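All remarks here apply to the structure that follows.
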Amino acid sequence: MATQGSQLLCAALFLTIGATASARDLGAFDFEYCKVKEELAGQIMEARQMGRPMSSVMDTVRAGSGDPQFAVKAVQKAYDEPRFNSSANQRRAVIDFSSSYYAACLKARAENRAF
């Protein structure tokens with residue numbers, strides 16, 4: 001009879017193998033595609049943390065982005081986040097924001113959803 005601990009270990013192993021299999025389904029293109037989204041999101045949040053007006057950032061991304069719909073949504077989300085005074089907190093906000101976009105993109109790509 002299996003103990004509760006060994007059952008939990010088996011369940012965790014199964015989930016890890018399942019997650020690894022999903023990640024292997026992603027190709028180099030997916031990782032590069034999501035990296036571009038991550039970098040754009042980081043630039044948007046960096047502009048927000050530096051105090052650039054939202055309208056200025058919106059004009060820039062609408063004119064220069066290969067995916068203006070994504071960029072507009074990212075600007076809106078960035079300006080919903082607080083602006084920090086310390087450079088350490090600003091940097092953390094940029095990294096957290098851009099990383100959340102990278103993670104969401106990879107998840108969407110693994111699930112064959114548009115991002």
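At a glance:
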item: Pairwise label distance in nanometres, Gln69 with Asp25, each label 7 Å out on the Cα-Cβ vector; result: 2.3
item: Simple spin-label estimate for Lys107 and Lys35 in nanometres, 7 Å along Cα-Cβ; result: 2.3
item: Residues of type aspartates and glutamates that Lys107 reaches as a straight line, Cα spacing below 15 Å, ignoring anything fewer than 8 places off in the same chain; result: Asp25, Asp30, Glu32, Glu38
item: Cα-Cα separations in region 27-110 greater than 18 Å, expressed as whole percent; result: 39
item: Cβ crowding within 10 Å averaged over residues, with 48-59, 31-42 ranked highest first; result: 31-42, 48-59
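A short reminder: the numbers here are calculations on the coordinates, not readings from a lab. Bear in mind the structure is a predicted one, so any value in this text is a computation, not a measurement. So basically every Cβ, Gly included, is an ideal-geometry build from the backbone, and we count neighbours across all protein chains shown.
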